[in-house]
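Remarks on the structure that follows.
The values are calculated or read from the model by the stated rules, or taken from the named source; none is laboratory data. Since the structure is predicted, the reported quantities are computational estimates derived from the model, not experimental observations. Every residue, glycine as well, gets a Cβ built from its backbone with ideal geometry; the counts of neighbours run over all protein chains shown.
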Amino acid sequence: MRVQPVVTLLLVLGAAIVLLPFFWMISVSLKPADEIFTPHVDLLPSRLEWSNYARAFTEVPLARFLLNGVIVCAGILVLQILFTVPCAFALAQRRFPGRTLVFGMVLAGLLVPFHVTAIPIFLALARLKLLNGYAALILPFAASVFGMFLFRQFFARLPADLIDAARVDGLSWTAIVWRIAFPLALPAATAFAIFSITAHWNDLFWPLIATSDPAIATPPRGILYFRDQEAGDDVGPLMAAAVVVTAPLVIGFLLAQGAFVRSIATGGLRA
């Protein structure tokens, strides 16, 4: 019995199951209102209702929500790279008392979900009067223990001779981090950027708690404004907005998948 056709069939079946909700979302976003709630299921609309996408941008300020998502995700990623890379390099290449203990704390931090620390962070931001602003959406995620672990594993594979040669040439530790180590870790940085942007672009839990101003709502938070207490959900424009919100992540991953695969193949995710 040949195993390859069976494996291929299972992979195709699994991919179909995973992609079915996305296909249904796109289908509903293009359906007229009278075809969305019907007794039977039609995978394809009888006619394309492009007005759902126009209404998605006019019923709520969807463009503003997308801009907020870009600002928040970019701010978080920049701060995470700024703080995480030097910390990870120190854990991988420097020798100092308590290094093993610090790395153990980083590993322990991977086990603590953000929901556990959400209340203390919320209270601290409230005391500092930083709620309901971009700072409340960005600052809690400025440091990433996952990023420290990922970059530390990558930096640990750098040859010691390379670091020693840079020190002999007179480079400071800061210059070594940003001029030598970080450029070599770009595949790992790409993988980390994908994880970070995907997580925070899709995050609804924290924006729902930390903000109430529609002007700074992120895309998932903004989609909630399609709900009307009297009429319920406006499903057609809502699904169109969901397609618009999801599309940047899909396109970004397709463009970066080569670097993402290389980061795994070269050991960026291995000890």
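For this structure, a couple of remarks:
- So Gly98, is it among the small types (Gly, Ala, Ser), surrounded by fewer than 20 Cβ atoms within 10 Å (Cβ to Cβ) and in contact (Cβ under 8 Å) with a residue 12 or more places away in the chain: no
- Which listed residue, of Ala118, Ala126, is in contact (Cβ under 8 Å) with a residue 60 or more places away in the chain, under 24 Å from Leu204 (Cα atoms) and in a helix (DSSP H, G or I): Ala118
- For segment 159-255, the helices (runs of 4 or more DSSP H) that sit wholly inside it and include 1 or more residues that are farther than 29 Å from Leu128 by Cα and aliphatic (A, V, I, L, M) are 160-168, 173-176, 186-201.
- The single condition from (1) within 18 Å of the chain's Cα centre (by Cα); (2) surrounded by 10 or more Cβ atoms within 10 Å (Cβ to Cβ); (3) farther than 30 Å from Asp161 by Cβ that Tyr53 fails is (1).
- Segment 1-81 holds helices (runs of 4 or more DSSP H) entirely within its bounds, and those carrying 3 or more residues that are closer than 20 Å to Thr218 by Cβ map to 51-59.
- Exactly one residue among Ala217, Ala259, Ala199 is among the hydrophobic types (A, V, I, L, M, F, W, C), surrounded by 15 or more Cβ atoms within 10 Å (Cβ to Cβ) and at pLDDT below 70, and that residue is Ala259.
- Exactly one residue out of Leu67, Leu79, Leu43 is assigned by TED's automatic domain parsing to the domain that holds Leu186 and touching a residue at least 12 places away in the same chain (Cβ under 8 Å): that is Leu79.
- Some residue of segment 137-153 being closer than 14 Å to Asn68 by Cβ and of a type outside the set (Phe, Trp, Tyr): yes
- When Phe89, Phe114, Phe96, Phe103 are checked against the criterion of being over 26 Å from Ala210 (Cα atoms) and in contact with a Phe, Trp or Tyr (Cβ under 8 Å, 6 or more places away or on another chain), a single residue qualifies: Phe89.
- Number of residues in segment 14-43 that are surrounded by 10 or more Cβ atoms within 10 Å (Cβ to Cβ) and not small (Gly, Ala, Ser): the value is 14.
- Residue satisfying condition, being under 23 Å from the mean Cα position of the chain (by Cα), under 16 Å from Pro207 (Cα atoms) and among the β-branched types (Val, Ile, Thr), within set Val72, Val85: Val72
- Scanning segment 7-17 turns up no residue that is touching a residue at least 60 places away in the same chain (Cβ under 8 Å) and over 30 Å from Leu137 (Cα atoms).
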